[in-house]
Amino acid sequence: MATEALSVNNLEICYGQSRAVNQLSLTLEEGCVLALLGRNGAGKSTSLNTFAGLLQSRRGTIKVFGRQVERLSPEAIARGGVRLVPQGRRIFPSLTVLENLQVAEQQVAGRSNSWNLGRVYATFGRLKERMRQRAGTLSGGEQQMLAIGRALMGNPRILLMDEPSEGLAPMIVAEVAQAIKTLKADRLSIVLVEQNFNLALDVADQVVVLNTGSVVCAGSAASVRAQPDLATRHLGVF
Ligand SMILES: Nc1ncnc2c1ncn2[C@@H]1O[C@H](COP(=O)(O)OP(=O)(O)O)[C@@H](O)[C@H]1O
Ligand SMILES: [Mg+2]
């Protein structure tokens, strides 16, 4: 039977009196990619940040490999194997590539295929070439690779990626897609937040579409591909 990596049930998330996400339920199976899609302001980042423990939900449950985590601190959730690649990358621009990776390093006892510098460099060769360079001088695509590499140094079992293709040229978006496929082949479980519908459908197994904080469509990537009007209705893709 498939293992549930992340299981979210009936989540409600508010900013003060204003409700940003309502009745969100989803299941991410181990080794799969779930794409969380929607227009600007749909509630995608709010959801991811809540999965990572940076925001507290008002209602609902979040389970990571069967363990309830919605009242745990971000640090405890990270130790449990959940790592966020935040929207806008948020790398340290004045540190070198190597330093950015080193500050994120976390040893995890008892886990076999753990991540380290060598493995990150083997996955993202460009980071190795640029390891002494200040991160602020990297291209957008290289900064995204660094943001992903930094998350990997924390030895995640679940990776939460918030719009990794944002602001990147199409050729670089293809590199990001390739990186996601590589990580999936390594059995990482990934929630991919995107506005790039094609990238998401290229790599995802499951798709959940949010509109103003509510799920308007959920299903396999294949079933979503078979509904061509969906993209125009909920995603602003023409
Ligand atoms: N810090 C905040 N305080 C109040 N409202 C917020 C805050 N962050 C986001 N929102 C609101 O929550 C809704 C969802 O935002 P967000 O999750 O960032 O959307 P997305 O990532 O899908 O673009 C939007 O209406 C946004 O204006
Ligand atoms: Mg966002």
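Quick notes
- Candidates G60, G43, filtered to the one that is under 16 Å from L160 (Cβ atoms) and in contact (Cβ under 8 Å) with a residue 12 or more places away in the chain: G43
- Pick from region 2-47, criterion within 13 Å of ligand 1 (Cβ to nearest atom), assigned to a strand (DSSP E or B) and polar (S, T, N, Q), ranking: surrounded by the fewest Cβ atoms within 10 Å (Cβ to Cβ): S18
- Candidates are the residues of region 172-184 that are among the β-branched types (V, I, T) and in contact (Cβ under 8 Å) with a residue 40 or more places away in the chain; the one that is farthest from ligand 1 (Cβ to nearest atom) is T182.
- Residue under evaluation L98, criteria (1) modelled with pLDDT of 95 or more; (2) within 30 Å of R225 (Cβ to Cβ), criterion not met: (2)
- Every test in (1) within 16 Å of ligand 2 (Cβ to nearest atom); (2) closer than 17 Å to T212 by Cβ; (3) in contact with a Ser or Thr (Cβ under 8 Å, 6 or more places away or on another chain) is passed by T46 save one, and that test is (3).
- Pairs are defined by a Cβ separation below 7 Å, a sequence spacing of at least 6 or placement on different chains, a first member in region 212-235 that is part of a loop (DSSP other than H, G, I, E, B), and a second member that is among the aromatic types (F, W, Y) and at pLDDT 85 or above; the pairs so defined are L235/F197.
- Residue that is nearest to G219 (Cα to Cα), among those in region 185-198 that are more than 16 Å from ligand 1 (Cβ to nearest atom) and over 12 Å from the mean Cα position of the chain (by Cα): N198
- The set of residues from region 65-103 being in a helix (DSSP H, G or I) and buried (at least 16 other Cβ atoms within 10 Å of the Cβ) comprises I77, A78, V97, L98, N100, L101.
- When region 189-213 is limited to residues that are more than 16 Å from ligand 2 (Cβ to nearest atom) and surrounded by fewer than 24 Cβ atoms within 10 Å (Cβ to Cβ), the one that is modelled with the lowest pLDDT turns out to be N198.
The values are calculated or read from the model by the stated rules, or taken from the named source; none is laboratory data. Fair warning: this is a prediction, and the values are worked out from it, not measured in the lab. A quick note on method: Cβ atoms are made from the backbone with ideal geometry, for glycine too, and the neighbour counts reach across all protein chains shown.
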